[in-house]
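Reviewing the structure listed below.
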Amino acid sequence: MIYVMSDLHGCYEEYCKALELIDFSSEDILYVLGDIVDRGKEPIKILQDMMMRDNVYPIIGNHDYMAMSVLRKLTVEITEDNYENHLTEEDMEAYYRWMQDGGHVTIEQFKALSFEEKQDILDYMDEFALYEEVSVNGRDYILVHAGLEPFDENKNLDDYGLQMIFKRCNYDRQYFDDKYVITGHTPTVMIDPAYRGKIYEKNNHIAIDCGCVFGFALGVYCLDTQEKYYIQKEDDK
């Protein structure tokens with residue numbers, strides 16, 4: 001079976017329960033549509049688990065992009081040749097923006113790792129795809145973190161670039177007649193309050209960020225069967 005989930009945001013316990021709920025095995029495939037890190041309690045543990053599974057395919061989200069951009073800079077060895085200009089004003093602005101958007105949990109756990117563990121995680125995140133196209137049982141899917149905006153039916157997917165991880169979908173518009181666009185990034189309660197903590201399907205859109213880190217649920221969608229699975233957010237102790 002092929003599954004998708006998104007916006008884990010450090011919710012390691014719910015991530016593990018979701019894998020258990022779907023009975024995830026080496027015969028299955030899981031796509032994670034970004035925002036693995038930040039905000040929640042254990043983002044590094046999720047990354048370390050995903051790294052050990054060759055049937056889990058990550059797609060980059062805006063939080064992953066921010067984290068990787070800052071952490072790569074912070075792990076460079078400082079030498080006599082670079083100490084004066086290693087961190088630019090732009091780097092510091094990126095760092096503060098990331099901290100304001102929930103990055104403090106990720107950086108604190110990252111700092112506790114060995115140098116080799118840090119490099120392994122950064123190398124892994126460097127390989128995150130920008131999007132994936134998947135066909136299952138005659139249905140074609142585009143998997144992307146945020147969306148395809150501004151949308152143009154004649155535009156090549158590669159031409160959207162980083163807009164795919166920052167620009168929210170227009171869920172009121174059907175982009176394709178023959179394809180389904182699966183996204184995270186926008187909690188479904190923001191699309192329609194009736195879908196609080198639930199996967200949203202309309203206009204060939206499938207939005208799967210059910211707002212786990214905000215106290216709602218972690219949603220999992222099966223491409224083979226169109227089944228939906230939910231793990232309710234555990235109260236933080």
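The values are calculated or read from the model by the stated rules, or taken from the named source; none is laboratory data. Every value quoted in this text rests on a predicted model; they were computed, and no experiment measured them. Using ideal geometry, Cβ is built from the backbone for each residue, glycine included, and neighbour counts are taken over all protein chains shown.
For the stretch 210-237, the set of residues classified as of a type in the set (Asp, Glu) and either modelled with pLDDT under 95 or within 15 Å of Ile199 (Cβ to Cβ) (or both) consists of Glu227, Glu234, Asp235, Asp236, listed by residue number. Inspection of the stretch 199-207 identifies no residue that is touching a Phe, Trp or Tyr at 6+ places or on another chain (Cβ under 6 Å), more than 22 Å from Ser69 (Cβ to Cβ) and of a type in the set (Ser, Thr, Tyr).
Got a number for residues in the stretch 12-31 being part of a loop (DSSP other than H, G, I, E, B) and touching a strand residue (DSSP E or B) at 6+ places or on another chain (Cβ under 9 Å)? Qualifying residue count, the stretch 12-31: 3. Checked against the criterion of being over 21 Å from Asn62 (Cα atoms) and touching a Ser or Thr at 6+ places or on another chain (Cβ under 8 Å), the stretch 182-190 has no qualifying residue. What pairs can you find where one residue is in the stretch 1-12 and farther than 18 Å from Asn62 by Cβ, the other is in a strand (DSSP E or B), and their Cβ atoms are less than 6 Å apart, with a gap of 6+ or different chains? Listed by first residue and then by second, the contacts come to Met1/Cys222; Ile2/Ile29; Ile2/Val136; Tyr3/Leu30; Tyr3/Val220; Tyr3/Cys222. Of these, Gly102, Gly40, Gly34, which one is in a loop (DSSP other than H, G, I, E, B), surrounded by 16 or more Cβ atoms within 10 Å (Cβ to Cβ) and modelled with pLDDT of 95 or more? Exactly one residue qualifies, and that residue is Gly34. Taking each residue of the stretch 45-63 that is free of Cβ contacts under 8 Å to residues at least 40 places away in the same chain and looking for partners that are surrounded by fewer than 21 Cβ atoms within 10 Å (Cβ to Cβ) and in a loop (DSSP other than H, G, I, E, B) with beta-carbon atoms closer than 7 Å, six or more apart or interchain, yields Asn55/Ser26; Asn55/Asp28.
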